[in-house]
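Visitor: Can you read through this structure? Questions will come right after.
No value in this document is a laboratory result; all are computed from the given coordinates. Here the structure is a predicted model, which is why all the values come from computation and not from measurement. Cβ: placed from backbone, ideal geometry, glycine included. Neighbour counts: every protein chain shown.
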Amino acid sequence: MGETHQLGSLGSKLHAALASREARSIRRRLPEPTVLGKQSLIDFTSNDYLSLSTNPLLRARFLQKITEPERGQVLGSTGSRLLVNPVAHDRLERRMEAVFTRPGPRKHDDMPQVGLLFNSGFDANVAFYTCIPQSGDVVILDEYIHASVWDGVRASRVEQDCIKTFEHNSIESLCFVIDSLSNTVVERLQTGTSSLFIAVESLYSMDGTLSPLREINSLLSKLFPKNSYLIVDEAHATGIYGPPGRPGCGRVSQLGLDDCRVLARLHTFGKALAGSGAILLTTPLLTSYLINYARPLIYTTALAHPNVILVEAAFDLMVDGETDKLSTHLLALSSYLISLLQTRLNEAGIPPEIISLPPHFLPISTTLPSFDRVRVCLHSGNTREDVEALVSGAVEWARTWAGESKPKDSGRETTRSQQSRTRL
Ligand SMILES: Cc1ncc(COP(=O)(O)O)c(C=O)c1O
C-alpha cells in the first residue's frame with residue numbers, strides 16, 4: 001500500500017498539492033549530492049559570494065582559533081542563549097558592533113546600536129517583526145521582501161489593515177500606499193501614538209536590485225520625522241558593499257545612513273561570510289525587549305562555538321582587508337557579465353525583453369517581466385572565462401527562445417562551458 005493511501009485524507013491532500021506543483025513545473029526537490037571537492041559544475045547558484053567556503057586562509061584561521069586554549073575547548077553552545085556562559089557570543093557581538101557601527105558620535109538622537117546574535121537571518125527577522133511593531137502600528141513592506149519578514153509580520157500584533165506592500169523599490173508606490181492609509185491611521189501616525197515601519201532589503205537577490213535607501217529615508221524624515229523607521233535586511237550586501245575603510249559593512253554604512261532612521265539592520269553570516277547565523281543591530285531598548293520576548297532567541301540552542309569562531313575568522317579576513325580583493329573581483333566580474341551580455345545580445349539582434357538585467361546596471365531603465373526567472377549568482381571564485389561561457393549559454397538560450405535559430409553546435413567549447421549551459 002502506498003504512503004498516500006496509508007495516510008488517508010491527509011495523504012490525498014498533501015499529494016494533490018505536490019501534484020499541482022509538479023504540473024506547474026514548480027515542484028521543489030533537494031539537489032543531487034555530489035562528491036565534495038570534485039565538483040565539476042561552475043558555481044553560479046550558491047550564496048557563497050566571496051567563495052570563502054573553500055578559502056584556504058579562512059580554513060587556516062579557523063583551525064588556529066579553534067585550538068586556542070583560551071577558547072575552553074567547548075564545541076556545542078550547550079543551551080539557550082539565556083542559560084549558557086556567553087563568553088564567545090558576547091565577544092562576537094561586541095566585535096560586530098565595532099565593525100558595523102560608524103566610529104564617532106551618532107547624529108540621530110544619539111541612539112547607540114548594539115548587536116544581538118541569532119541562529120539564522122530567518123530567526124532574526126521572525127523575531128524582530130513578531131515582537132517589535134505593536135498593535136496600531138503600520139508596517140509597509142517592499143513587495144520583494146524575504147519570506148522570513150512576511151512570517152514575522154503575519155505573526156505580529158499589527159492589524160491586517162495596517163500591513164501593506166509597495167511596488168518593488170518604487171518611491172512613488174510607497175507614497176501612494178502611505179497616502180491611502182485611513183484617516184484614523186494617519187492621525188495616529190501624525191500624533192505619534194503609533195509608529196511606521198518600512199521593511200526593505202538593501203540588495204535584493206532575485207533581480208540584483210538595490211533599495212533606494214536614501215530616498216526612503218528622506219521621505220520618512222519629511223512625513224513622520226519622530227516615529228517612522230527603516231528596517232534594513234543586509235543579508236546579500238554583507239561582506240561585499242561598504243564604505244572605504246570598512247568594506248563589507250553593508251549599504252547602510254556605505255550610504256552614511258547608520259545614524260539616520262535605520263532602527264535595525266540585519267547582517268547574516270550564511271552568504272558571503274561562509275558561516276551561518278546573523279546579527280541584528282538595533283537599540284539597547286529593542287535588544288532587551290527581544291531578549292525577553294523573541295521566541296526564536298529564547299527557545300533554541302545558541303550558535304555552536306565552532307560556528308561563532310568561523311564567523312570571527314571570516315571577519316578577521318574582512319577587517320584585515322583580505323576580502324577586499326575578492327569583492328573587487330566579484331564586482332568587476334558582475335560589470336563584465338553585464339557588458340558582455342549586452343554586447344552579445346545586440347550582436348545577435350535579440351530583443352532586449354528576452355533577457356532582463358538589473359535596472360541599475362542598465363543605461364536605460366527596463367521593466368523586469370514578472371514571470372519565473374533564472375537567477376545567476378556570481379562569485380569571487382568565478383573567472384572571466386566562466387562568465388564568457390555563461391554568456392554564450394544565455395545568448396544561445398535567448399536565440400532559441402526568440403525563435404530565430406536553433407542553438408548552434410558549439411563542439412569546440414570546453415566541458416565547463418557546456419556544463420554551465422546545461423545549468424541555464
Ligand atoms: C534577504 C534575506 N534575509 C534573510 C535571509 C535568511 O537568512 P539565513 O539564511 O541566515 O536564515 C535570507 C536567506 O535567504 C535572505 O535572502
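Visitor: May I ask you to compute the full-extension gain from Asn183 to Arg71, defined as 0.36 nm times their residue separation minus their alpha-carbon distance, rounded to one decimal in nm?
Guide: Between Asn183 and Arg71, full extension yields an extra 34.6 nm.
Visitor: Next up: Give the long-range amide H neighbours of Phe197: residues separated by 5 or more places, or on another chain, with amide H under 5 Å away, using H modelled in the peptide plane at 1.01 Å from N.
Guide: For Phe197, the qualifying residues are Val138, Val139, Ile140, Tyr229.
Visitor: So for the chain, taking the charge dipole from beta-carbon charges (+1 Lys/Arg, -1 Asp/Glu), which of Gly250, Leu18, Val74 sits furthest toward the positive end?
Guide: Val74
Visitor: Right, something else. If each residue of separation counts as 0.36 nm, what is the full-extension length gain between Phe371 and Ser173 once their alpha-carbon separation is subtracted?
Guide: 69.2 nm
Visitor: Something else about it: Which of the trypsin sites (Lys or Arg not before Pro) found in region 80-156 are loop residues per DSSP with 14 or fewer other Cβ atoms within 10 Å of their Cβ?
Guide: Answer by residue number: Arg106, Lys107.
Visitor: Taking the chain as a Gaussian network, Cα atoms linked when under 10 Å apart, which of Gly270, Gly152, Gly403 shows the biggest mean-square fluctuation?
Guide: It is Gly403.
Visitor: A further question follows. Going by how many other Cβ atoms sit within 10 Å of their own, how do Val126, Val149 line up, fewest first?
Guide: With the fewest neighbours first, Val126, Val149 line up as Val149, Val126.
Visitor: Follow-up question, since we're still on this one. Let's see if you can work this out: charge +1 on each Lys and Arg Cβ, -1 on each Asp and Glu Cβ, no other charges. What is the dipole magnitude of the chain about its Cα centre, in debye to the nearest 20?
Guide: Using Cβ point charges on Lys, Arg, Asp and Glu, the chain gives about 580 debye.
Visitor: Give me the one-decimal nm value for the distance between modelled label points at Leu10 and Tyr336, 7 Å along each residue's Cα-to-Cβ direction.
Guide: Result: 5.3 nm between the two label points.
Visitor: If you add up the charges near Asn125, with Lys and Arg at +1 and Asp and Glu at -1, over every other residue whose beta carbon is less than 11 angstrom from its beta carbon, what do you get?
Guide: -4
Visitor: Now, a different point. What is the magnitude of the charge dipole of region 16-131 about its Cα centre, with +1 placed on the Cβ of each Lys and Arg, -1 on the Cβ of each Asp and Glu, and no other charges, expressed in debye to the nearest 20?
Guide: The calculation lands at about 260 debye.
Visitor: Hey, which of these cross-link pairs are over 30 Å Cα-Cα: Lys222/Lys271; Lys13/Lys271; Lys226/Lys325; Lys65/Lys271?
Guide: In this structure, Lys222/Lys271; Lys13/Lys271; Lys226/Lys325 exceed 30 Å between Cα atoms.
Visitor: Just name one of Leu57, Ile178, Val319: the one whose Cα is farthest towards the positive end of the charge dipole of the chain (beta-carbon charges, Lys/Arg +1, Asp/Glu -1).
Guide: Sorting the options by dipole projection puts first Leu57.
Visitor: Now a separate question. Estimate the FRET efficiency between Lys164 and Glu3 by the formula 1/(1 + (r/R0)^6), using the beta-carbon distance for r and 45 Å for R0, to the nearest 0.05.
Guide: The value I calculate is 0.60.
Visitor: In debye, nearest 20, what is the charge dipole magnitude of region 74-319 about its Cα centre with +1 on Lys and Arg Cβ and -1 on Asp and Glu Cβ, if you could check?
Guide: It comes to approximately 580 debye.
Visitor: Above 23 Å lies some portion of the pair distances; for region 74-319, what is it as a whole percent of all C-alpha pairs?
Guide: Tail of the P(r) past 23 Å holds 47 percent of the pairs.
Visitor: Taking R0 as 51 Å, what FRET efficiency do you get between Thr191 and Val35 from their Cβ-Cβ distance, rounded to the nearest 0.05?
Guide: Once rounded, the FRET efficiency stands at 0.20.
Visitor: Kindly state, as a whole number, the per residue volume in cubic angstrom of the convex hull around the alpha carbon atoms of the chain.
Guide: For the chain, the hull spanned by Cα atoms encloses 196 Å³ per residue.
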